[in-house]
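**Q** Got a structure for you, written out below as structure tokens; questions coming shortly.
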Amino acid sequence: MARATSKQAEQRRARLVTICEALPEVDTTGSQHLNFRVRGKVIAYYLDDHHCDGMIVVSVKTTPALQAMLVEDDPACFSLTPYMAHRGWVSVRIDGRSVDWDKVAALVRASYRLVAPKRLATQLPEA
């Protein structure tokens, strides 16, 4: 998978911020790596070259079944999130030539539903 240019990386980061901050009560912290939180609980991470691997990924919480399916079906795009995979976290590459932003947004929303308090999670329309 070809690495995104600096300009592309900035655009993709901005797009992810827009997706995450559209959710109720989500706050963003960080600089190179971002945390997206709802009431102190992380719903997603933006990681840019986090393990000196040259990749840009968004990591989200999923169910174990979805995590396994994503990684098995498309290992070039999805991987187990280091240190967090045992809790259902999966990383989605967003540094390639083509990014399925609808899928990224759906995974972020699903992560939000798993992490956010029920009152907030039920505010999201079903996708």
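**Q** So, in segment 48-95, how many residues would count as being under 18 Å from Gln8 (Cβ atoms) and of a type in the set (Asp, Glu)?
**A** 4
**Q** Looking at segment 1-16, which of its residues are part of a helix (DSSP H, G or I), exposed (fewer than 12 other Cβ atoms within 10 Å of the Cβ) and in contact (Cβ under 8 Å) with a residue 24 or more places away in the chain?
**A** Passing the criteria: none in range.
**Q** Please verify whether segment 32-48 includes one or more residues that are closer than 20 Å to Val90 by Cβ and among the hydroxyl-bearing types (Ser, Thr, Tyr). First the steps, then the outcome.
**A** The first filter runs over segment 32-48 and keeps only residues closer than 20 Å to Val90 by Cβ, leaving 33-38, 41-48.
Then keep just the ones that are among the hydroxyl-bearing types (Ser, Thr, Tyr); that gives 45-46.
Taking every residue of segment 32-48 in turn, at least one turns out to be closer than 20 Å to Val90 by Cβ and among the hydroxyl-bearing types (Ser, Thr, Tyr).
Quick note: the coordinates plus some simple rules give every number you see, no bench work behind them. The structure displayed is predicted, hence computed values, not measured ones. Here Cβ is always computed from backbone atoms with ideal geometry, including for glycine, and neighbour counts include all displayed protein chains.
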